[in-house]
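The values are calculated or read from the model by the stated rules, or taken from the named source; none is laboratory data. Note that the structure is a prediction, hence the values are computed from the model and not measured. Quick reminder, even Gly has a Cβ in these numbers, built from the backbone with ideal geometry, and neighbours come from all protein chains shown.
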Amino acid sequence: MVVYAYAPSGFEGNLVHVEVDIRRGLPAFDLTGLPDGAIKEARDRVRAAVRNSGFEFPVDRVLVNLAPAGMKKCGASFDLPIALAILAASGQLPEPGRPVLALGELLLSGETLPVCGVLSAMAAAMERDIGDAIVAPGNFREASSLHAGRVHSLASLRTALETFARVRDGIDQPDPGIVSAEQAGDGAGADPNGDFSDIRGQGPLRRALEVAAAGGHHVLLFGPPGSGKTMAASRFGSILPDLDRERSFETTKIHSLAGTLPPSRGLIVRPPFRAPHHGASAEGIVGGGRFVRPGEISLAHGGVLFLDEAPEFRIDILQSLREPIESGRISIARAETSAWFPARFQLILAANPCPCGNLGRPSAVCLCSVDDVKRYWKRLGGPLLDRIDIRVPVRNAGSSELLGPPGESSGEIRKRVRKARELQEIRYRKESFALNAHVPPGFIERYCPIEGEFRCEFLASAEKSGISSRAIHSIARLARTIADLSDDKQIGRRHVEEAFSLRKYGEENVFWRIP
């Protein structure tokens with residue numbers, strides 16, 4: 001019988017053939033194939049689990065090889081495939097007649113626990129035409145969400161005989177708790193971070209975030225403490241539409257690899273919202289570690305990465321965001337290996353206007369010098385700021401606005417955002433990008449043309465103001481998004497003027513000159 005396990009390696013990973021040789025000799029249990037400490041400890045767990053489940057552990061010399069032998073393996077997911085391979089090699093389980101993928105951690109009692117990376121393993125098995133998978137009950141929904149092959153739930157080694165009989169006979173094992181991937185995943189119900197109607201007043205801020213959501217643009221919010229930057233950013237995800245099937249699969253796969261996917265969970269269909277603390281390490285944000293795992297920028301794939309108090313983050317971490325912003329993926333190079341993960345997210349940066357936060361507040365005194373303010377903003381760096389399409393100064397709302405009626409709900413805004421994105425989906429259906437924010441420079445003139453009598457006026461104004469080439473392209477993309485929200489086929493003057501107003505801050509170091 002051929003039993004496969006799975007070894008994560010970046011976003012892809014590899015299947016591992018679990019080979020067992022039982023021969024006469026002094027009783028021993030050897031593991032080869034570059035196992036880590038958790039796999040080496042599996043020898044004692046597997047031996048106890050087999051005996052406590054009513055089977056006989058071979059009293060001969062047992063050799064387990066994890067092939068390919070030159071690739072490092074890690075994690076506790078190898079417990080179950082090693083145990084099943086030994087029981088099959090010793091003749092205690094029936095021959096299923098086809099290769100089997102197995103994933104799960106074993107307790108000493110023989111019960112199975114869910115593990116990470118099951119969705120990635122199922123995708124790798126599908127590519128190798130492996131049609132049967134045996135997983136812990138806590139991973140059943142995750143494994144079934146791909147709708148590939150037959151998934152069998154094994155709660156304990158005690159039921160291994162029945163499970164292998166189902167594999168041999170090709171019998172599916174339906175889970176009464178799952179009907180479809182959509183029902184198993186996140187619904188589009190109330191957002192746990194709140195509704196957009198919680199934001200009272202702040203009309204320009206609400207409009208800017210709606211434009212950002214419609215076109216996938218990155219945003220910088222700057223203003224004094226208590227003005228509502230964090231609250232607005234935390235509610236931004238509530239106006240984003242659900243993920244499509246492909247992005248949902250990618251997002252779920254990343255969270256599964258990172259171990260952040262709750263047990264008994266199917267596909268993630270709502271955009272994730274990640275808000276790491278400014279004291280987080282580079283490995284925590286970018287990804288990495290001894291066995292490379294995804295970081296916060298990959299966990300935000302398909303959703304939002306929010307950096308509150310952005311200038312307080314380490315400079316190297318902030319500058320590392322430039323690669324995923326441009327390419328939608330992050331590459332992690334190590335001495336022994338290299339890996340990559342998807343990282344197509346919307347970045348929202350929030351910052352005070354100065355280190356003390358009082359600059360621009362009429363009732364407070366700012367104690368920061370001009371040099372202090374410049375050093376504060378210099379931490380973000382020009383190259384990163386140049387990639388932020390929308391820059392919004394946030395002011396404190398008036399008391400009458402705070403106590404006034406609520407504004408539009410997230411559901412109402414999400415309808416307009418979804419409609420604008422549908423227009424973009426149709427427009428870019430033959431391209432490798434899907435949103436206005438991702439239109440490459442070479443396609444700007446084709447998809448975001450600024451035409452008419454004001455074209456020369458706009459170009460002259462842009463040249464006079466000295467903005468960068470990237471800024472000109474950014475304004476064109478923003479104008480295209482604003483036109484989509486209005487369901488206008490052509491970009492007009494008002495679209496360009498609004499786009500310029502959303503982009504203008506930061507072009508001439510005017511962050512501390514809030515009008």
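Worth pointing out:
- Yes/no for Gly328 being within 29 Å of Ala143 (Cβ to Cβ), of a type in the set (Gly, Ala, Ser) and out of contact with any Phe, Trp or Tyr (no Cβ under 6 Å at 6 or more places or on another chain): yes
- Here is the figure for segment 175-220: residues that are modelled with pLDDT of 80 or more, more than 20 Å from the chain's Cα centre (by Cα) and not small (Gly, Ala, Ser) total 14.
- Count of segment 235-269 residues which are out of contact with any strand residue (DSSP E or B) (no Cβ under 7 Å at 6 or more places or on another chain), buried (at least 21 other Cβ atoms within 10 Å of the Cβ) and either within 30 Å of Ala397 (Cα to Cα) or polar (S, T, N, Q) (or both): 8
- The lone exception for Pro362 - which of (1) part of a helix (DSSP H, G or I); (2) free of Cβ contacts under 8 Å to residues at least 40 places away in the same chain it fails: (1)
- Meets criteria (under 24 Å from the mean Cα position of the chain (by Cα), in contact (Cβ under 8 Å) with a residue 12 or more places away in the chain, assigned to a loop (DSSP other than H, G, I, E, B) and more than 30 Å from Ile317 (Cα to Cα)) for Glu431: yes
- Test for Arg43: is it more than 19 Å from Arg290 (Cβ to Cβ), over 37 Å from the mean Cα position of the chain (by Cα) and assigned to a helix (DSSP H, G or I): no
- Of the helices (runs of 4 or more DSSP H) lying entirely inside segment 113-177, those containing at least 3 residues that are without any contact (Cβ under 8 Å) to a residue 24 or more places away in the chain and not assigned by TED's automatic domain parsing to the domain that holds Thr260 span 160-169.
- Residue count for segment 441-472, restricted to those that are modelled with pLDDT of 85 or more, in a helix (DSSP H, G or I) and crowded, with 17+ Cβ neighbours inside 10 Å: 4.
- Members of segment 67-110 that are under 16 Å from Gly37 (Cβ atoms) and not aliphatic (A, V, I, L, M): Lys72, Lys73, Cys74, Gly75, Ser77, Phe78, Asp79, Glu105
- Positions within segment 46-85 being closer than 19 Å to Arg24 by Cα, without any contact (Cβ under 8 Å) to a residue 40 or more places away in the chain and assigned to a helix (DSSP H, G or I), in sequence order: Arg47
- One residue alone among Gly201, Gly226 is under 15 Å from Ala397 (Cβ atoms), assigned to a loop (DSSP other than H, G, I, E, B) and either in contact with a helix residue (DSSP H, G or I) (Cβ under 7 Å, 6 or more places away or on another chain) or polar (S, T, N, Q) (or both), and that residue is Gly201.
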